[in-house]
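*Asks:* Following this message is one structure expressed as C-alpha cells.
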Amino acid sequence: MSDSASESLNVHSESEKNNECSTNGSIKPQIEQKGETVAKSGSEVPCSVVENPTSVNGAANSVPEVGSSEVEYIESDHLNDLEDVDLSLKTLLTGLDSKDWVLVCEALNKVRRLCIFHKDAMLDILDNVISLVVKSLKNPRSAVCKTALMTCADIFKAYRDDLIDLLDPMLVQLLLKSSQDKKFVCEAAEKALISMTTWISPVSLLPKLQPYLKNRNPRIRAKAAMCFSRSAPKLGVDGIKAYGIDKLIEIAISQLSGQLPESREAARTLLLELQTVYEKSHAPNADDVSDGPDTTSWEDFCQSKLSPLNAQAVLRVTSIVREGVVGS
C-alpha cells in the first residue's frame, strides 16, 4: 500500500465517527484519495456509510466524497435464507455484541434472516437478541442504527404479541429515532413503528403507547399519538366498546392541542374513526321502531359523556371534516 493511501486510511479512521450518510449502492468497500483507489478485501454487508471530505497535511481534499465503506441496505423481501442455521445461532450473540460495526451489521442481518426463515430457532435467545438490538439502536453510527431499525421491523412481523414483554426498551428507542433530524434514520424508524402497529394487536400495544402520549418531548408525544391512532381502530367495534369509546375519545382530546401538527392530525384521525364506529354500532335497526338509547346521536353522546368544552372540541373537529368530505 502506498504512503498516501496509508495516510488516507489513518485520516478516515479518525473522522468516520462523526461523519455518516447513507447510500443505496452495492459497492465493495474502498478508500479514495486524490484519484487513487485502494480496494479493501471483504464482502458486502447490509449497511452503508460515506465519509465527508477531510484535509490531508492541512490542504483541502479535492475529492468531493470519500467512501470508507459502502454497502447496501437489504429490504426484507430480498433477504436469502442462511446457509448454516446452527452455526449462525452459535455466533449470533457474539456478533451482535462485537466492537466491529461491520460484524454487528452482519449479525443484525442474520437476525432478520432468522426472523423470516427460522423464527422458532431463535425463541430461546430472543430476550438476549432484543437487548443487543436495542444496543445497536443506540449506536451513534447511523449505518448500525438503520440496520437495527430494519431488524426491528422484521422482529415485529415474526413474533408479534409474543414479544410484548420485551417491547418497552425497543419502543422508546423507536420513538426517539423517529423524532430525530437524520432523515434516513427517521424513515427507517417510521417503517419499524408501522410494522409494530401492523403486527402487534392493539389490545397489547395501546397500554404500552399510552405513557408516551404524556412524554415531555413533544416529538415523542406526536409519534406515539400517530401509532395510537393507527392501532386503536384495529380493535374493531366490539374491541372499542370493550376498551371504552369514551376513554379513547379522552385520549384523542389530549392530543388535539398538541404542540406539533402530527399530534393534532393523529387526534383528528382517531376521533373520526371513533365517530364512524359509534354511528355504525348505534345505527337504528330496520326492525326496531323504538327510539331507545341505541339511537343516541354522536352529538348527544359526546355532550353526555364529555365536559362541555371537550364536547365542543370533538364536535367541531368531526363536523368540520365531515362537512368537508360531503362538500368535495
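Read-outs: derived from the displayed coordinates by stated rules, not from any lab. Keep in mind it's a predicted model, so treat the numbers as computed, not measured. Here the Cβ positions follow ideal geometry from the backbone for every residue, glycine too, while neighbour counts run over all protein chains shown.
*Asks:* For region 153-218, just say rounded, prolate or oblate: build the C-alpha gyration tensor, square-root its eigenvalues into a ≥ b ≥ c, call rounded for a/c under 1.5, and beyond that prolate if a/b exceeds b/c, oblate if not.
*Replies:* oblate
*Asks:* Scan around residue 258 for amide H atoms under 5 Å from its own, H built in the peptide plane at 1.01 Å from N, and keep only partners 5 or more places away or cross-chain.
*Replies:* Here the answer is 264, since their amide H atoms fall under 5 Å of that of residue 258.
*Asks:* Rounded, prolate or oblate: which fits region 104-166 when a ≥ b ≥ c are the square roots of the eigenvalues of the alpha-carbon gyration tensor, with rounded for a/c under 1.5 and prolate only if a/b beats b/c?
*Replies:* prolate
*Asks:* Karplus couplings for region 139-145 from phi (6.51 cos²θ - 1.76 cosθ + 1.60, θ = phi - 60°), rounded to Hz, Gly and Pro as x?
*Replies:* Each residue's phi maps through the Karplus curve to give 5, x, 7, 4, 4, 5, 4 Hz.
*Asks:* Can you tell me which lysines have their Cα less than 30 Å from the Cα of residue 280? Leave out same-chain residues fewer than eight positions away.
*Replies:* Of all the lysines, those that pass the test against residue 280 - Cα under 30 Å, at least 8 places apart if same chain - are 208, 223, 234, 241, 247, 305.
*Asks:* In nm, what is the difference between 0.36 nm times the number of residues separating residue 118 and residue 299 and their Cα-Cα distance?
*Replies:* 60.0 nm
*Asks:* Go ahead and run the numbers for FRET between residue 139 and residue 247, Cβ-Cβ distance against an R0 of 41 Å, rounding to 0.05.
*Replies:* So, using R0 = 41 Å, E works out to roughly 0.60.
*Asks:* Please quote Rg/Rh for region 75-200 to two decimal places, taking the Kirkwood radius as Rh and restricting both calculations to Cα atoms.
*Replies:* 0.93
*Asks:* Gain in length, residue 217 to residue 187, computed as 0.36 nm per residue apart minus the alpha-carbon separation, to one decimal in nm?
*Replies:* Stretched fully, the residue 217-residue 187 segment lengthens by 8.9 nm.
*Asks:* Please find the FRET efficiency linking residue 76 to residue 161, where r is the Cβ-Cβ separation and R0 is fixed at 22 Å, and quote it to the nearest 0.05.
*Replies:* 0.65
*Asks:* Still on this structure: So how much slack lies between residue 280 and residue 172, counting 0.36 nm per residue of separation and subtracting their Cα-Cα distance, in nm?
*Replies:* 35.3 nm
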